[in-house]
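Student: Mind looking over this structure? Questions follow.
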Amino acid sequence: WSTPTAQTVMSVGGLCCAIAVQFAGSLGKLTVSSVNNPRKMIDAVVTSRSDDEEKREKQVWNKRRQILYTVEKMYSVLLEVQDFEKRFLQTPEEQRESLLEQHRTHTEQLYSSLRERDWDSRINDELFVQIMSLRKGKRLIARLLPFLGAEQATTIVMAIARNLPAIAKKDKQEQVLCWLVEPCAGVIQSLSSSSLTDLLQQLQGPGGSNNTQLHKVLHNKFGLTLLYLVLSEGERLQSSEPHCHLMDDNRWTELVFSVTRELLQIPPSSLATPLFTPRNLLSLFSRYVDRQKLDTLQDKLQISVQTS
């Protein structure tokens, strides 16, 4: 059986009659279907995929699942590392050496999870970017940095700077990268002048007349803040360290000139709003530009004049 309308049986004056059900606002009457005549619910178009497409999709999913597993595994180890101090104080003195060795192993395990190979200290950039593309991955790196040794932490900050355009692209909506400012600042403040120059180079990328990486750094809140931290630390070293000769380092000078040139050329509306602007940047730029350009930079970057 199959009828074009749904019907309701009503009793009127002792007689039964069937009345078609009406639906206000509907385009027509409710159609009734049977097992043999099912009602069409949606227009479904069946598309066939090639074996190569299915294989690629499976590879993408497997890779993402592996990244998620790596992040969760690192978090488990990180919790052990974070709990070390409390456990150390509660542990009898004769057992503390063993606990300390376990702590070193856990810390090394965390760093090893990011390395290219077990015997290589370099960070696996592809894996690192994939981890940093996850909200939880960015928070993981932010929490991990303070527990690493100086050399390991420096390597990770270098990787952040080197891959910043790709990492920032994944952070447009979430803005979680800003959680990394404080731990990165701690690492930057411990760098030698040579390592600081290396970091500035990593931030700028290969360079050339069309420095697209530096453009992207200037357009990103976290990237610009990180750049300011590097420049500010360079100025602090030059002002307070008698044996610091950054001004004599041609590489540092060329890099700062490159940054200054881009800052002067970029329209204010295109420049990102940093989390903060160190006041000693004005002193830094005064070493490299004339008064007119310095006033332009002060106005554009909204740098407060440093008072003694």
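Student: For the range 243-258, check the following and say yes or no: at least one residue is farther than 22 Å from L180 by Cβ, open to solvent by 70 Å² or more (accessible area, probe 1.4 Å), within 28 Å of the chain's Cα centre (by Cα) and not charged (D, E, K, R).
Tutor: Looking through the range 243-258, at least one residue is farther than 22 Å from L180 by Cβ, open to solvent by 70 Å² or more (accessible area, probe 1.4 Å), within 28 Å of the chain's Cα centre (by Cα) and not charged (D, E, K, R).
Student: Could you tell me which residue of the range 79-134 is farthest from Q152 (Cα to Cα), considering only residues that are in a helix (DSSP H, G or I) and of a type in the set (G, A, S)?
Tutor: Initially, the range 79-134 is screened for residues in a helix (DSSP H, G or I), giving 79-82, 84-90, 93-112, 125-132.
Checking the rest, the ones that are also of a type in the set (G, A, S) come to 98, 112.
On the way: S98: 23, S112: 10 Å.
Taking the candidates together, the pick is S98.
Student: On to the next question. Can you work out which of the residues in the range 141-163 that are buried (at least 20 other Cβ atoms within 10 Å of the Cβ) and touching a residue at least 60 places away in the same chain (Cβ under 8 Å) is farthest from Y75 (Cα to Cα)?
Tutor: A161
Student: Give me the residue from the range 57-88 that is closer than 23 Å to T107 by Cβ, among the basic types (K, R) and open to solvent by 70 Å² or more (accessible area, probe 1.4 Å) and, out of that set, modelled with the highest pLDDT. Spell out how you get there, then give the answer.
Tutor: The first filter runs over the range 57-88 and keeps only residues closer than 23 Å to T107 by Cβ, leaving 66-88.
Subsequent filtering for residues that are among the basic types (K, R) retains 73, 86-87.
Next, only the ones that are open to solvent by 70 Å² or more (accessible area, probe 1.4 Å) stay: 73, 86.
On the way: K73: 94, K86: 83.
Here the residue is K73.
Student: Looking only at the range 268-287, filter to residues that are surrounded by fewer than 16 Cβ atoms within 10 Å (Cβ to Cβ) and more than 25 Å from the chain's Cα centre (by Cα); which one of those is nearest to T197 (Cα to Cα)?
Tutor: This residue is R287.
Student: Might you let me know whether the range 236-249 holds any residue that is at pLDDT 90 or above, closer than 22 Å to S193 by Cβ, touching a helix residue (DSSP H, G or I) at 6+ places or on another chain (Cβ under 6 Å) and of a type in the set (D, E, K, R)? Explain how you work it out, then say what you get.
Tutor: Looking only at the range 236-249, we keep the residues that are at pLDDT 90 or above, and these are 236-237.
Then drop every residue that is not closer than 22 Å to S193 by Cβ, which leaves 236-237.
Okay, now just the ones that are also touching a helix residue (DSSP H, G or I) at 6+ places or on another chain (Cβ under 6 Å), so 237.
Now narrow it down to the ones that are of a type in the set (D, E, K, R): none.
Taking every residue of the range 236-249 in turn, none turns out to be at pLDDT 90 or above, closer than 22 Å to S193 by Cβ, touching a helix residue (DSSP H, G or I) at 6+ places or on another chain (Cβ under 6 Å) and of a type in the set (D, E, K, R).
Student: So in the range 164-189, with the set limited to residues that are outside any helix (DSSP H, G or I) and crowded, with 18+ Cβ neighbours inside 10 Å, which one is modelled with the highest pLDDT? Steps first, please.
Tutor: Kept after step one, since they are outside any helix (DSSP H, G or I), are these residues of the range 164-189: 170-176, 189.
In the following step, the residues that additionally are crowded, with 18+ Cβ neighbours inside 10 Å were identified as 170-171, 176.
Details: K170: 79, D171: 79, V176: 89.
Per the criteria, the residue is V176.
Student: Let me ask something additional. In the range 206-240, which residue that is without any contact (Cβ under 8 Å) to a residue 24 or more places away in the chain and part of a loop (DSSP other than H, G, I, E, B) is least open to solvent (accessible area, probe 1.4 Å)?
Tutor: Ranking the candidates gives G208 first.
The values are calculated or read from the model by the stated rules, or taken from the named source; none is laboratory data. Predicted model, so just to flag it, every value in this text is computed and none were measured. Virtual Cβ from ideal backbone geometry, glycine too; neighbours counted across all protein chains shown. Side chains are part of the model used for accessible areas, which takes the heavy atoms of the whole protein and leaves out ligands, DNA and RNA. Shrake-Rupley method; radii C 1.70, N 1.55, O 1.52, S 1.80 Å.
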